[in-house]
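Notes follow once the structure below has been shown.
Every read-out reported here was derived from the displayed coordinates using simple, explicitly stated rules and does not represent laboratory data. None of the values given here were measured: they were computed from a predicted structure. Glycine also receives a Cβ, built like all others from the backbone with ideal geometry; neighbour counts cover every protein chain displayed.
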Amino acid sequence: MPKMKTKKSAAKRFVVRNSGSIKRGQAFKRHILTKKTTKAKRHLRGPVEIHESDAKSVRRMLPYA
């Protein structure tokens with residue numbers, strides 16, 4: 001049986017924590033920031049956990065994580 005391949009695009013976007021949860025980066029903080037409020041930009045800081053409905057598909061893309 002051949003080894004399973006990791007989807008490299010997913011490997012760059014997601015990190016599996018020691019607890020087993022998967023963290024991802026926040027979107028909407030790259031450009032066009034002048035029209036966004038300071039509060040909105042502040043809430044986009046830092047990583048967040050992926051939604052439970054997406055966990056199955058992300059784990060399938062990262063077989064060895």
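By the beta-carbon count within 10 Å of each Cβ, the least crowded to most crowded order of Phe14, Phe28, fewest first, is Phe28, Phe14.
Between Ser19 and Ser53, residue separation times 0.36 nm minus the direct Cα-Cα distance comes to 10.5 nm. Starting from a Cα-only point model with no solvent, please compute log10 I(q)/I(0) by Debye for the chain at q = 0.15, 0.19 1/Å. For the chain at q = 0.15, 0.19 Å⁻¹, log10 I(q)/I(0) is -0.58, -0.79.
When only the Cβ of Lys, Arg, Asp and Glu is charged (+1, +1, -1, -1), the dipole of the chain relative to its Cα centre reaches about 340 debye.
Positive end of the dipole of segment 8-61 (Cβ unit charges, origin at the Cα centre): among Val16, Gln26, Ala55, the Cα lying farthest that way belongs to Gln26.
Please go through the residue pairs Lys7/Lys56; Lys23/Lys56; Lys7/Lys29; Lys5/Lys29; Lys3/Lys56; Lys5/Lys56 and name each one whose alpha carbons sit more than 22 Å apart in this structure.
Numbers: Lys7/Lys56 14 Å; Lys23/Lys56 14 Å; Lys7/Lys29 25 Å; Lys5/Lys29 31 Å; Lys3/Lys56 20 Å; Lys5/Lys56 16 Å.
Going by Cα-Cα distance, Lys7/Lys29; Lys5/Lys29 fall outside the 22 Å limit.
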